[in-house]
Amino acid sequence: WVVDTWLMSCRVLGRGVERGMLDLLAQESAKKGAKRLIGQYCPTAKNAMVKDHYAGLGFEPLDSDASGNTRWSLKLESKKKFEYLIKLKKEN
């Protein structure tokens, strides 16, 4: 599965919300048969603060290009669940 856009307010980044989102995404994609997640980062003037977003979540670098675009991989079988202070509630 490819995460082509990860959009969050800068006010919640770094407060554990991104970890909860990744745990939920990993859980749901694994249920559908995914073996790994691929994250893409494309640098812009406004998103430099999340340049290391995927690395901080445990993704491994796959490749990059001359423009600074990077791709990251997370194997779901070896992903450990994060600990955080928020409570997740999945609604159908």
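The values are calculated or read from the model by the stated rules, or taken from the named source; none is laboratory data. No experiment lies behind these values; they were computed from the predicted model shown. Counting neighbours? That spans all protein chains shown, and the Cβs are built from the backbone with ideal geometry, glycine included. Surface accessibility is based on the protein's heavy atoms, side chains included, excluding ligands, DNA and RNA. Shrake-Rupley method; radii C 1.70, N 1.55, O 1.52, S 1.80 Å.
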- Task: For the range 54-66, just list the computed ³J(HN,Hα) in residue order, Karplus coefficients 6.51, -1.76 and 1.60, θ = phi - 60°, integers in Hz, with x standing in for Gly and Pro.
- Result: 5, 4, x, 9, x, 6, 9, x, 9, 6, 8, 10, 5
- Query: What are the lysines whose alpha-carbon lies under 19 Å from the alpha-carbon of Lys81, with same-chain residues fewer than 8 places away excluded?
  - Reply: Lys31, Lys32, Lys35, Lys89, Lys90
- the chain, relative contact order in percent, only Cα pairs under 8 angstrom and at least six apart counted: 34 percent
- First compute the accessible area of the range 1-83 with a 1.4 Å probe, then give the percent of it belonging to carbon and sulfur atoms. 52 percent
- Item | Phi to ³J(HN,Hα) by Karplus 6.51 cos²θ - 1.76 cosθ + 1.60 over the range 35-49, Hz, x for Gly, Pro | 9, 7, 10, 10, x, 10, 10, 10, x, 9, 5, 9, 10, 4, 5
- Based on DSSP H runs of at least 4 residues, each adding -39500 (n - 2.57), what is the mean residue ellipticity at 222 nm of the chain after dividing by all its residues, to the nearest 500 deg cm²/dmol? -6000 deg cm²/dmol
- Query: What FRET efficiency comes out for the pair Asp52/Leu24, r = Cβ-Cβ distance, R0 = 30 Å, nearest 0.05?
  - Reply: 0.90
- Sort Ser67, Ser9 by accessible area with a 1.4 Å probe, largest first. Ser67, Ser9
- To the nearest 20 debye, what is the magnitude of the charge dipole of the chain about its Cα centre, counting +1 on the Cβ of each Lys and Arg and -1 on the Cβ of each Asp and Glu? 380 debye
- Task: Can you work out the accessible area per residue across the chain, with the rest of the protein chains kept in place, probe 1.4 Å, in square angstrom?
- Result: 76 Å²
- Enumerate the amide H contacts of Val3 below 5 Å, restricted to partners 5 or more residues apart or on another chain; note that Pro and chain-start residues carry no placed amide H. Ile38, Gly39, Gln40
- Expected max-MSF residue from Lys35, Lys51, Lys80 in the GNM of the chain (alpha carbon, under 10 Å) is Lys80
